[in-house]
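Visitor: First the structure, then my questions, so here it is.
Read the figures in this text as sums done on the coordinates, not as results from a lab. In this text the structure is predicted, and so the values were computed from the model without any measurement. For neighbour counting, all protein chains shown are included, and Cβ atoms are generated from backbone atoms with ideal geometry for every residue, glycine included.
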Amino acid sequence: MREPCPRSLVTWALVLGFGLGACDDARSPAATGEESPLRLEIVDGDAQAGPQGRLLMDCLLVRVVDAGGRPVEGVPVEWSVVSGGGKIGGKRHASDPAGLACGQFTLGPEPGENVARATVEGGASVTFTATGFPPGTGEPGLTRSAVPARGSRTR
């Protein structure tokens, strides 16, 4: 009986390995011509409250990530106001090397809920909600006893 040649085993192993690798490549976005899906994550700035018609203290901060959760630089982030009026300073910002993009949100002229949206190419989006209150009334739910008197020291 003839024993199998080690070279033929190596050849079969290579053929099988390349064949399986080709299957993976055929399903990859690059091989099918599809874009790699992008996602947006809220980093900061959601659920703020501020005087109506005024700029919020914190910017609306998002991170653009790829399907593997890695930050993506240079992706245009489109900002829009969904409800409540107001405006976003600069409607388009590109993500930085950490995948971050920031929008400055000025609340609408009426008290109540304001909603802003960040969107990237491909349709991924996140929404931010903020509450506007009449100027000079303080943040809703904040009591006078919780606010230090002017000139007093807190420990």
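Visitor: Tell me the residue from 62, 43, 81 that is assigned to a strand (DSSP E or B), closer than 21 Å to residue 120 by Cβ and over 11 Å from the mean Cα position of the chain (by Cα), please.
Guide: Of 62, 43, 81, the one residue that is assigned to a strand (DSSP E or B), closer than 21 Å to residue 120 by Cβ and over 11 Å from the mean Cα position of the chain (by Cα) is 81.
Visitor: If you don't mind, another one. Take the residues in region 94-105 that are buried (at least 20 other Cβ atoms within 10 Å of the Cβ) and closer than 13 Å to residue 45 by Cβ; name whichever of them is farthest from the chain's Cα centre (by Cα).
Guide: Looking at the filtered set, the residue picked out is 105.
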